[in-house]
Amino acid sequence: MIALSHSGHDFEELISRWRTLAHELELKETVISVEGGYEVFAFENQLAVPRCQAGGLYVSAGVHGDECAPPWALLQWVESEPAILTEKPVVIFPCLNPYGFVGNTRHDHAGMDLNRNFQDENVPLIGKWQEFLEDREFDLAINLHEDYDALGIYLYEVVRTGSRGDTLLRACSELIQTETAATVDGSEFKDGLLSHSTNDADLQRIIDEDLEGGCPEALWLAMHHATDSFTFETPSELALPVRIAAHRRFLEEVTRG
Ligand SMILES: [Zn+2]
């Protein structure tokens with residue numbers, strides 16, 4: 001684990017490296033929106049460019065700007081040229097809230113928690129994100145997050161192909177221990193894992209009752225675009241290099257074919 005030679009919130013460095021990668025790996029770059037003066041990028045491999053193609057992988061990071069390990073982990077993982085990039089359609093949002101990333105804040109430039117608004121097409125970024133994803137279906141959707149209250153890693157899964165959350169957490173717990181609390185962020189967990197029902201009515205009830213109508217990215221993806229959806233969280237009070245390493249390990253394990 002190597003310390004970064006730049007700030008964990010250096011958006012210019014992040015995007016400059018993504019652009020280099022896009023050139024090297026023939027990834028298509030799209031600026032889906034400009035929010036608070038910052039461009040919101042999507043990158044997709046050539047297999048993902050015919051947008052109606054089913055299967056493949058969706059990954060995003062940086063929805064919450066104060067959670068800075070995930071965007072660097074996602075970048076480093078793609079820099080390592082994982083096999084999936086040449087095998088399946090891959091769509092990546094490397095930093096969905098660049099304004100928050102630069103300012104080290106959870107919210108966007110309008111003070112909004114984007115991750116409670118993925119149902120609202122009238123939020124400019126969300127409307128464009130929904131449009132970008134229209135007609136796209138993924139085998140696997142991954143959202144990378146952090147939690148400043150947590151002491152260990154934890155995972156939400158909405159899976160139609162069978163639970164593998166325990167196996168994924170075990171692999172990552174070599175780097176950071178698994179969260180032991182029975183309640184995390186208001187939900188009940190077992191050994192760091194919360195397995196949601198895959199029934200749309202159950203998911204809608206969670207959104208309506210537990211989240212007061214505010215849909216997180218992972219649940220929107222599970223209900224509209226993805227067979228399996230995972231949200232992986234690291235404790236953001238730990239050192240940045242170990243958090244980055246844990247997210248990279250998660251990406252390696254969850255995409256292992
Ligand atoms: Zn978050």
Debye, to nearest 20: dipole size of the chain, +1 on Lys, Arg Cβ, -1 on Asp, Glu Cβ:
620
Distance in nm between E174 and D202 label points, each 7 Å along Cα→Cβ, equals 3.2
Which percentage, to the nearest 5, of the DSSP beta bridges contained in the chain is antiparallel?
45
Relative pair counts by distance (%), Cα atoms of the range 11-254, 5 Å bins
1, 6, 14, 19, 22, 19, 12, 5, 1, 0
For the range 48-87, what Kirkwood radius comes out of the mean inverse Cα-Cα distance, in Å?
11.9
Using a simple charge model, +1 on the beta-carbon of Lys and Arg, -1 on the beta-carbon of Asp and Glu, nothing else, what dipole does the range 1-67 show about its Cα centre, in debye to the nearest 20?
300
Sticking to Cα atoms, compute the Rg of the range 1-120 to one decimal and its Dmax as the biggest Cα-Cα distance, whole number, in Å.
14.3, 40
Please report the equivalent ellipsoid semi-axes of the range 84-141, computed as sqrt(5 x eigenvalue) of the Cα gyration tensor, largest first, in whole Å.
24, 16, 8
Distance from a point 7 Å along Cα→Cβ of T161 to each backbone N in the range 206-243: keep the residues under 13 Å and list them by number.
226-230
Could you do me a favour and compute the accessible area per residue for the chain, 1.4 Å probe, result in Å²?
44
Can you put Y154, Y99, Y148 in order of accessible area, largest first, using a 1.4 Å probe?
Y148, Y99, Y154
With the alpha-carbon atoms as the only input, what is the per residue convex hull volume for the range 85-197 in Å³?
159
Please build a GNM for the chain, connecting alpha carbons under 10 Å apart, and tell me which residue among D191, D208, D66 fluctuates the most.
D208
I want to verify a result. In a Gaussian network model of the chain, Cα cutoff 10 Å, which of these has the top mean-square fluctuation: E81, E233, E39?
E81
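The values are calculated or read from the model by the stated rules, or taken from the named source; none is laboratory data. Fair warning: this is a prediction, and the values are worked out from it, not measured in the lab. In this analysis, Cβ positions are derived from the backbone assuming ideal geometry, glycine residues included, and neighbour counts consider all displayed protein chains. Quick note on the areas: whole protein, heavy atoms, side chains included, nothing else; ligands and nucleic acids left out. Shrake-Rupley method; radii C 1.70, N 1.55, O 1.52, S 1.80 Å.
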